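A short worksheet on the structure shown next.
The values are calculated or read from the model by the stated rules, or taken from the named source; none is laboratory data. The shown structure was predicted, so the numbers you read here are calculated from the model rather than taken from an experiment. As a convention, Cβ positions derive from the backbone with ideal geometry for all residues, glycine included, and neighbour counts pool all protein chains shown.
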Amino acid sequence: MEQPQAATASEAGAGVDADADAYRIRPLELGDLSKGFCDLLAQLSPSAPLTEDTFRSRFAELAVLVERKFIRRCGTVGHVEDVVVDAAARGRGLGEGVVRRLVEHARARGCYKVILNCTPELRGFYAKCGFVEKNVQMGLYF
């Protein structure tokens, strides 16, 4: 399993230079819990606050999800999950930068494709990032 590679846009707050190049996209760090990580994640999906111990435990288990397949000559598929940019920093190209970095990461590991699920409202954003709509995702939640 690879080292944790959950990508975050650091210090993405209002009043900061609108140029996406002014930000550094980096792996998630243990210190991000105290920098508003839970608040940011809650903008994507309801999320309970995490204790430091719970965050550290989950952080230790994080990995880039590269699924190994039998098809495509036993190829690999990259999965993108839980991408969110703070509402105050949207429209600055940060999301595209994060997605581009994740795609490059998957390509460098030999993945033949990268897949993700998104809401209908985000179809245009991911199309702008080069993704095409294919098939239907279904879920069974417990």
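Exactly one residue out of Val77, Val64, Val83, Val98 is touching a residue at least 60 places away in the same chain (Cβ under 8 Å) and touching an Asp or Glu at 6+ places or on another chain (Cβ under 7 Å): that is Val64.
Collect the residues in segment 85-111 that are hydrophobic (A, V, I, L, M, F, W, C) and in contact with a helix residue (DSSP H, G or I) (Cβ under 6 Å, 6 or more places away or on another chain), keeping them in residue-number order.
Hits for segment 85-111 are Val85, Leu94.
Of the candidates Arg26, Arg123, Arg101, Arg92, the single residue that is in contact with a strand residue (DSSP E or B) (Cβ under 7 Å, 6 or more places away or on another chain), of a type in the set (Lys, Arg) and modelled with pLDDT of 90 or more is Arg101.
From the list Asp21, Asp17, the lone residue that is modelled with pLDDT under 90 and assigned to a helix (DSSP H, G or I) is Asp21. Within the group Lys128, Lys35, which residue is at pLDDT 95 or above and exposed (fewer than 14 other Cβ atoms within 10 Å of the Cβ)? Just one listed residue meets the conditions, Lys128. Residues of segment 84-91 include at least one that is out of contact with any His (no Cβ under 8 Å at 6 or more places or on another chain) and under 24 Å from Met138 (Cα atoms). Phe70 meets the conditions (1) aromatic (Phe, Trp, Tyr); (2) touching a strand residue (DSSP E or B) at 6+ places or on another chain (Cβ under 8 Å); (3) at pLDDT 90 or above in every case but one. The failed one is (2).
Could you list all residues from segment 89-110 that are closer than 21 Å to Val77 by Cβ and either part of a helix (DSSP H, G or I) or among the β-branched types (Val, Ile, Thr) (or both)? Full working, then the answer.
Start the filter on segment 89-110 by keeping residues that are closer than 21 Å to Val77 by Cβ, which leaves 98-110.
Hits for segment 89-110 are Val98, Val99, Arg100, Arg101, Leu102, Val103, Glu104, His105, Ala106, Arg107, Ala108.
Given the structure, is Pro4 at pLDDT below 90, in contact with a helix residue (DSSP H, G or I) (Cβ under 7 Å, 6 or more places away or on another chain) and exposed (fewer than 13 other Cβ atoms within 10 Å of the Cβ)? Judged against the criteria, Pro4 is not a match.
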